[in-house]
Amino acid sequence: MTRTHCPYCSLQCGMSLASGRGGRTLEVLAWPEFPVNEGALCRKGWTATGLRGHRERLTTPLLRDRATGELRTVSWDDALDHVAARLTTIQEQHGNDAVAVFGGGGLTNEKAYLLGKLARVALGTSRIDYNGRWCMSSAASAGNQAFGVDRGLPFPLADVEQTDVLVLVGSNLAETMPPAARHLDRLRERGGKVVVIDPRRTPTADRADLFLQPVPGTDLPLALGILHLLGAAGAVDEDYVATRTTGFDDVRRSVASWWPERVERVSGVEATELRTLADLLSSAEKVTVLTARGAEQHSEGTATVLAWINVALALGMCGKPSAGYGCLTGQGNGQGGREHGQKSDQLPGYRMIDDPAARDHVARVWGVEPASLPGKGLSAYELLDALGTEGGPRAMLVHASNIVVSAPNAVHVADRLAALDLLVVADVVMSETAAMADVVLPVTQWAEETGTMTNLEGRVILRQQAVAPPEGVRSDLDVIAGLAARLGSTAAFPTDPEEAFAELALASAGGRADYAGITYDRIREEHGVFWPCPDAEHPGTPRLFADSFATADGRARFVAVESVGAAEQPDDDYPVHLTTGRVLAQYQSGAQTRRIADLPDDGPFVELHPLLASRIGARDGEPVVVTTRRGELKAPCRVVTTIRPDTVFVPFHWVGANRLTHDALDPSSRMPAFKVCAAAVRS
Ligand code: SF4
């Protein structure tokens, strides 16, 4: 029996894997002692072994034959030799930044760390970023500005059971991470209230005491209006604001004109509902605000999160027990994936790449000169947008990311990928992105390897190998080390995950995400260890901000923000809002879950309200066509009363949704506007 964790979302539920018949069978069992999920799993977790032995599992490297255009089987040596030789030639001709690296929020900490080191040391390129940029980066940017540090939840998730009012902004956790919904049920059993803000009445909203259904992309004016009302009601915790924060006067002024009727006109949420929420918050002793992708994936996503943080700070909640602000990260290692150097502007330990002291520290651990480390690169979408252009990257290595399905404005992104001289994809199956590659490298998956992940609470957990990988498959760590050696790097690229973790811990020491005191043994014994954990004697830090924030003066920052609205508004040609999201049985781009036989693969579909359906003459189950300025999708419609009449919804687990989405970027986080754009729909 092997204790490990689910391969999918950021909850990283604990599970046991029982291997039988000499490793030929693998069964998922509950692990009730693991505190995050207490033995509960969603159907994705229970069926996670379904990809093992799948007929589409990649087990041999593939190289595209120039003459026929077909992928043909090659040996690992031939594949890695070819990739290294082509990368070297391209860099000699076009410079180091002509090679890009694209990582993923599903990679273990060890892989994310060594992928960043491969880019900066062995390739000397600044062009590295990852799909986590499209996950929680707006919340990360806001958290850094307000608190001086970004940890999704600065407290264990179970703390929300003890809060008095829980406000979920743009989160459908009952479907995206079902075991977490029990915290909502327990909170309500002890008399607490749940508030859900979402353009769709989701299964999470069905659990709410108060449900607000705004126009997509208006969570920011809602927060401004709430703070306006709290100020008018005298509900601001003036002592807390005076002693633990700075900047409130500017924020107070910035919300002065956001009276409820103005918010109603912009958001569609009635002024009376807004007042009900403000009253609820004013009278509660403990308030917790959690945002997720619905609030964050916007061209003003960072400002939206900052506005909700301002609400939590004004109420005096951040740092208080069972209260405060947090972000529910999405991908399995959405948190750790951004802490160890995959992000274009960061080095391991959550250090900023343009900080001379950070460069010195990391360069010392890596045994290189600080000046040899490249500077800040391009964010994920900007990187993809530059592929194959004059002066842009001409080759790209992709690990654990199905860009063709998950990038915004996906038709354009596929064109950019096709313009590359060399695309190398490491994956477990032939994803839509791997199918475009010149070289495909078959790598291990979850149960076949060991490595750490950091869940949405900042808890570092250990996935342990339960079975041997199929013959012919190698770990991403082997791929990285093999390429680094062929590129002539003399730096260490450990292939043993525990050794890689020890180096990562050294590199993180003294940084904002400090793992120096964490070891595999401690994680096994303690059910995970929360960072920061600077030394072996340190107990880890489940709760942040009790006494001070991670800013220079220890105070949180109020940041005044304004709302300019979504980057694309409905007009005569595109008269409705399009929003996207997840369904219970699928995960991210669906590359894994769409192949699992026991999970329904029933998308894509278009959800719309009966009023809209009647206007365009659509009937439930029949196809409709959604168009935006970027693309078109034809899919069956589902006519439901749970969505706003001015909005259509498409899940993003299949090819299609992101052919429609907008690539406008948030100015701070560089998050694309996945969650709202203007669309037309016809039957
Ligand atoms: Fe838990 Fe998420 Fe896995 Fe479901 S997908 S079992 S909620 S970790």
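Here the Debye sum runs over all C-alpha atoms of the range 498-579 as equal scatterers in vacuum, and log10 of I(q)/I(0) at q = 0.11 Å⁻¹ comes out as -0.55. The alpha carbons of the range 1-90 stretch over 54, 31, 20 Å along the principal axes, in descending order.
In the frame of its principal axes, the range 325-435 has Cα extents of 41, 40, 26 Å, reported largest first. Straight-line reach from K286: taking Cα to Cα under 28 Å and skipping same-chain neighbours fewer than 8 places apart, the lysines in range are K193, K320.
With contacts taken as Cα pairs under 8 Å at a separation of at least 6 residues, the chain carries a relative contact order of 20 percent. For the range 330-378, the orientation-averaged shadow of the C-alpha convex hull comes to 3.5 nm² (one quarter of the hull surface).
Please list, by residue number, every one of the GluC sites (Glu not before Pro) in the range 313-417 that is coil in DSSP and has at most 15 other beta-carbon atoms within 10 Å. Answer in residue order: E390.
Entry note: the range 80-219 has Rg to Rh equal to 1.16, where both radii use alpha-carbon atoms and Rh is the Kirkwood radius. When you filter the trypsin sites (Lys or Arg not before Pro) in the range 46-129 for DSSP loop state and at most 16 other Cβ atoms inside 10 Å of their Cβ, you are left with R55, R66. Dividing the convex hull volume of the alpha carbon atoms of the range 550-646 by its residue count gives 206 Å³ per residue.
For the range 1-54, pairs of C-alpha atoms spaced more than 14 angstrom apart make up 48 percent of the total. Each pair of Cα atoms in the range 31-150 enters the Kirkwood radius, and Stokes-Einstein at 25 °C and 0.890 mPa s then converts it into a translational diffusion coefficient of 132 µm²/s.
Its alpha carbons give the range 570-615 an Rg and a Dmax of 14.6, 43 Å. Computed over the alpha carbons of the range 208-355, Rg followed by Dmax gives 16.6, 48 Å. Per residue, the chain reaches -8000 deg cm²/dmol at 222 nm when only DSSP H runs of four or more residues are counted, each adding -39500 (n - 2.57).
Distance from the alpha carbon centroid of the range 320-338 to that of the range 426-480 works out to 23 angstrom.
Where in the range 1-92 are there GluC sites (Glu not before Pro) that are in a DSSP coil and have at most 14 other Cβ atoms within 10 angstrom of their Cβ? Counting only loop positions with at most 14 other Cβ atoms within 10 Å, the GluC sites (Glu not before Pro) in the range 1-92 are E33, E56, E70. Translational diffusion coefficient of the range 247-328 (Stokes-Einstein, Kirkwood radius from Cα pairs, 25 °C, 0.890 mPa s): 178 µm²/s.
With Cα atoms defining each centre, the range 223-278 and the range 393-422 are spaced 42 Å apart in the structure. Show me the three semi-axes of the equivalent ellipsoid for the range 398-537, from the C-alpha gyration tensor (sqrt of 5 times each eigenvalue), largest first, rounded to whole Å. Over the Cα atoms of the range 398-537, the semi-axes work out to 31, 18, 16 Å.
Dividing the radius of gyration of the alpha carbons in the chain by their Kirkwood radius gives 0.95 for Rg/Rh. Cα-based radius of gyration for the range 594-683, normalised by 2.2 N^0.38 Å, reads 1.15.
Once C-alpha pairs closer than 8 Å and six or more residues apart are averaged by separation and normalised to the residue number of the range 515-562, the relative contact order reads 26 percent. In straight-distance terms, cross-link reach from K117 covers every one of the lysines whose alpha-carbon lies under 25 Å from its own, apart from those fewer than eight places away in the same chain; here that gives K343, K376. Compactness check for the range 139-224: Cα Rg over 2.2 N^0.38 Å is 1.13. Using only alpha-carbon positions in the range 173-285, the gyration tensor eigenvalues give semi-axes of 26, 19, 12 Å once each is multiplied by 5 and square-rooted (largest first).
Laboratory data are not the source of any read-out in this text; all were calculated from the coordinates shown. What you are looking at is a predicted structure, and each value in this text was computed from that prediction instead of being measured. Backbone-built Cβ (ideal geometry, glycine too); neighbour counts: all protein chains shown.
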